[in-house]
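Undergrad: Okay, here's the structure, questions in a sec.
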Amino acid sequence: MDVAYGTSGDLLAAAVTVLDVRTLAVVDSAVSVGRPAFGYVPGLFAFRELPALLAALDRLTTRPDLLVCDGHGLAHPRRFGLACHLGVVTGLPSIGVGKTPLVGEWDPVQWRRGSWSPLWDGGDVVGRVVRTRDGVKPVFVSVGHRMSLDNATAQVLALAPRYRLPETTRTADRLCREALAGAG
DNA sequence: GCGACAG
DNA sequence: ATCTTGTCGC
């Protein structure tokens with residue numbers, strides 16, 4: 001799942017693409033164009049994108065086994081980021097994959113793809129800093145709903161065999177961008 | 001009080 | 001998130 005914004009700032013498009021984790025083929029997809037429901041405030045990010053993402057999810061003809069969100073889950077100041085929010089509201093398993101940290105500290109991650117180090121915050125392990133490509137900036141993986149951190153890590157690595165980000169967010173990114181273009 | 005701060 | 005040229009590397 002991913003969201004794109006128009007230059008005017010008052011238009012957005014949310015997209016959901018469903019992939020077969022084994023073949024990485026897109027088996028279903030849906031988009032929703034609308035307006036941000038809330039201003040961007042770090043920590044309250046879910047309130048901004050959730051409505052549009054839920055609208056897109058409703059247009060799916062299949063039920064995903066896992067929601068891969070563009071943002072954090074447990075790795076949040078209140079331990080309830082976008083991925084947790086989406087998971088609880090839909091009842092579906094969910095995980096968060098962030099490109100930059102919001103909270104936490106971590107030790108350097110080994111250069112090799114597949115390496116990771118725990119993301120610590122306030123004495124808790126709130127996620128993992130995972131290397132999805134050799135020598136490329138790692139991503140921040142955290143649990144959202146109904147899934148273990150081990151499983152979340154495995155899914156992310158399975159979904160990102162070649163590029164830094166999971167194929168799910170890459171395909172969703174393209175979809176919401178073109179939807180935005182077609183919405184003028 | 002000050003700085004940091006997912007997308 | 002979005003606005004943007006060139007550049008390093010496989």
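The values are calculated or read from the model by the stated rules, or taken from the named source; none is laboratory data. Please read these numbers as outputs of a predicted model, since none were measured by experiment. Note: ideal-geometry Cβ built from the backbone for every residue, glycine included; neighbour counts use all protein chains shown. Remember, those area values only see protein heavy atoms, side chains included, never the ligands or the DNA or RNA. Shrake-Rupley method; radii C 1.70, N 1.55, O 1.52, S 1.80 Å.
Undergrad: Just want the answer: with Cβ charges of +1 for Lys and Arg and -1 for Asp and Glu, which residue in A:A75, A:V109, A:F38 is farthest toward the dipole's positive end in chain A?
TA: A:V109
Undergrad: Ok, one more. Tell me, what % of the accessible area of chain A is carbon and sulfur with a 1.4 angstrom probe?
TA: 53 percent
Undergrad: Expressed in nm to one decimal, what extension gain is obtained for the pair A:R174 and A:A154 from 0.36 nm per residue of sequence separation less their Cα-Cα distance?
TA: 4.8 nm
Undergrad: Related question: Count neighbours as other Cβ atoms within 10 Å of each site's Cβ, and list the chymotrypsin sites (Phe, Trp or Tyr not before Pro) in the range A:110-184 that are DSSP loop with at most 14 such neighbours.
TA: A:W111, A:Y163
Undergrad: Here is a follow-up. With a probe of 1.4 Å, find how much accessible area chain A has per residue, and write the answer as a whole number in Å².
TA: In whole numbers, chain A has 48 Å² accessible per residue.
Undergrad: Listed highest first by mean packing, meaning other Cβ atoms within 10 Å per residue, what order do A:34-47, A:52-65 come in?
TA: Those peptides, ordered most packed to least, come out A:52-65, A:34-47.
Undergrad: Can you give me the angle between helix A:45-58 and the longest principal axis of chain A, using Cα atoms only, in degrees from 0 to 90, rounded to the nearest 10?
TA: 60 degrees
Undergrad: A follow-up question, please. Please state the charge dipole magnitude for chain A, taken about the Cα centre, from unit charges on C-beta atoms (+1 on K and R, -1 on D and E), reported in debye and rounded to the nearest 20.
TA: 280 debye
Undergrad: Give me, ordered by chain and number, the residues 5 or more places off A:L119 or on other chains with an amide H under 5 Å from its own placed amide H.
TA: Amide H to amide H, under 5 Å and 5 or more residues apart or across chains, A:L119 pairs with A:V126, A:G127, A:R128, A:V129.
Undergrad: A further question follows. Enumerate by residue number the trypsin sites (Lys or Arg not before Pro) in the range A:104-180 meeting two conditions: DSSP loop (anything except H, G, I, E, B), and at most 12 other Cβ atoms within 10 Å of the site's Cβ.
TA: The qualifying sites are A:R112, A:R162.
Undergrad: Going 7 Å from the Cα of A:V125 along its beta-carbon direction, which residues of the range A:132-176 have the amide nitrogen within less than 14 Å of the resulting point?
TA: Taking a point 7 Å out along Cα→Cβ of A:V125, the residues of the range A:132-176 whose backbone N falls under 14 Å are A:141-143, A:148-154.
Undergrad: Further, regarding this structure: Below 8 Å, C-alpha to C-alpha, sequence gap of six or more: please give me the relative contact order for the range A:2-181 in percent.
TA: Reported relative contact order: 22 percent.
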